[in-house]
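Undergrad: After the structure tokens below, expect a handful of questions from me.
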Amino acid sequence: LRRTKQEVAPDLPELSEHIFYSEMSAAQRKCYEKIKSAVRNEILTLFDDPKTRMMALQALTRLRQLANHPVLMEADYAGDSGKFDDVLAQWETIRRAGHKVLFFSSFEKHLQLFRREFDKHKHPYAWLTGDTAAADRARAVERFQTDTGVQAFFMTVKAGGVGLNLTAADYVFLLDPWWNPAAEDQAIARAHRIGQTRPVTALRFIARDTIEEKIRQLQERKKQLGIDFFAAGAEAPTLTRTEMELLLT
């Protein structure tokens, strides 16, 4: 019989979760504020009409990507990203200590930035996205679990959020907050599950003064009020206009 996470919790090692707040670089902040000012009224107008509400949420994706790295939205952006630099610094410390890390992001383009950096420094890694074939998926998992030289596993949320046993990792990097907080818990559970013998540390990377910080605040507020962030079966969060305005302040 299968046991629930709550039932096996006493048998699992400690799980610690932390939020790492990154400051945007000067160039990144300038780019973020410019785009936010340009799209704010557009997003609110779309949100007011039920027929275009989903388009408003899609428009917010632009701001989420800018919070990660402006180059995800503007190919000619030549500046840096505070979060990108912070993630690499944390990875370097953990890598040198001999740990393995799961990297999760909502955006494959975001993972590609780190992939190029790893290739440049010849750091081995495993890779899993929605385009990964089933056979390659199994090989990637096996390689990460058994090869001590492979200390990083890059995954998109939808591709790696469920159904994987990755207990070789004892660190989980959540590179951007997701609308559905349950998806974050599922990602962490890839490492913190039956078979794990070491304490697991989850780091949530949040760009300060951006929509990411507001998403996190909304998640916590909904949790405290006992309100689900998602309606049953919905793919988009249940937001009021006031909450939408909060995201854009």
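The values are calculated or read from the model by the stated rules, or taken from the named source; none is laboratory data. In this text, all values refer to a predicted model and were calculated from it rather than measured experimentally. Cβ atoms come from the backbone with ideal geometry, glycine included; neighbour counts cover every protein chain shown. Only protein heavy atoms, including side chains, enter the accessible area calculation; ligands, DNA and RNA are left aside. Shrake-Rupley method; radii C 1.70, N 1.55, O 1.52, S 1.80 Å.
Undergrad: I'd like to verify a number: residues in segment 94-132 that are closer than 18 Å to residue 172 by Cα and either open to solvent by 40 Å² or more (accessible area, probe 1.4 Å) or not in a helix (DSSP H, G or I) (or both), how many?
TA: Adding up the residues that qualify gives 23.
Undergrad: Give the residue, chosen from 44, 63, that is open to solvent by less than 20 Å² (accessible area, probe 1.4 Å) and within 22 Å of the chain's Cα centre (by Cα).
TA: 63
Undergrad: Name the single residue that is modelled with the highest pLDDT among those in segment 1-16 being open to solvent by 90 Å² or more (accessible area, probe 1.4 Å) and either under 12 Å from residue 70 (Cα atoms) or of a type outside the set (Lys, Arg) (or both).
TA: Ranking the candidates gives 14 first.
Undergrad: Please specify each residue of segment 184-217 satisfying the condition of being outside any helix (DSSP H, G or I) and within 30 Å of residue 248 (Cα to Cα).
TA: If the condition is that a residue be outside any helix (DSSP H, G or I) and within 30 Å of residue 248 (Cα to Cα), then 202, 203, 204, 205, 206, 207, 208, 209, 210 are the ones that fit.
Undergrad: Within the set of pairs 6 or more residues apart or between chains, which connect a residue that is more than 22 Å from residue 116 (Cβ to Cβ) inside segment 126-141 to a residue that is open to solvent by 30 Å² or more (accessible area, probe 1.4 Å) and of a type in the set (S, T, N, Q) with Cβ atoms less than 8 Å apart?
TA: Correct list of pairs: 141/165.
Undergrad: Check 236, 187, 207, 168 and return the single one that is over 29 Å from residue 31 (Cβ atoms) and not aromatic (Phe, Trp, Tyr).
TA: Answer to the check: 168.
Undergrad: With 196, 217, 186, 224 as the choices, which residue is among the polar types (S, T, N, Q), touching a residue at least 60 places away in the same chain (Cβ under 8 Å) and either exposed (fewer than 12 other Cβ atoms within 10 Å of the Cβ) or farther than 21 Å from residue 115 by Cβ (or both)?
TA: 196
Undergrad: Can we say residue 174 is open to solvent by less than 50 Å² (accessible area, probe 1.4 Å) and either aliphatic (A, V, I, L, M) or free of Cβ contacts under 8 Å to residues at least 12 places away in the same chain (or both)?
TA: Against the criterion (open to solvent by less than 50 Å² (accessible area, probe 1.4 Å) and either aliphatic (A, V, I, L, M) or free of Cβ contacts under 8 Å to residues at least 12 places away in the same chain (or both)), residue 174 qualifies.
Undergrad: Do you know which of the residues in segment 18-76 that are β-branched (Val, Ile, Thr) and part of a helix (DSSP H, G or I) is nearest to residue 245 (Cα to Cα)?
TA: Within segment 18-76, the match that is nearest to residue 245 (Cα to Cα) is 43.
Undergrad: In the list 159, 152, which residue meets the criterion of being in contact with a His (Cβ under 7 Å, 6 or more places away or on another chain) and touching a residue at least 24 places away in the same chain (Cβ under 8 Å)?
TA: Working: 159 fails: in contact with a His (Cβ under 7 Å, 6 or more places away or on another chain).
Just a single option satisfies the conditions, and that option is 152.
Undergrad: Same structure, new question: Given the conditions (1) over 23 Å from residue 42 (Cβ atoms); (2) outside any strand (DSSP E or B); (3) open to solvent by less than 20 Å² (accessible area, probe 1.4 Å), which single one is not true for residue 237?
TA: Of (1) over 23 Å from residue 42 (Cβ atoms); (2) outside any strand (DSSP E or B); (3) open to solvent by less than 20 Å² (accessible area, probe 1.4 Å), only one is false for residue 237: (1).
Undergrad: In this structure, does residue 71 turn out to be open to solvent by less than 20 Å² (accessible area, probe 1.4 Å), under 20 Å from the mean Cα position of the chain (by Cα) and not small (Gly, Ala, Ser)?
TA: Criteria not met by residue 71.
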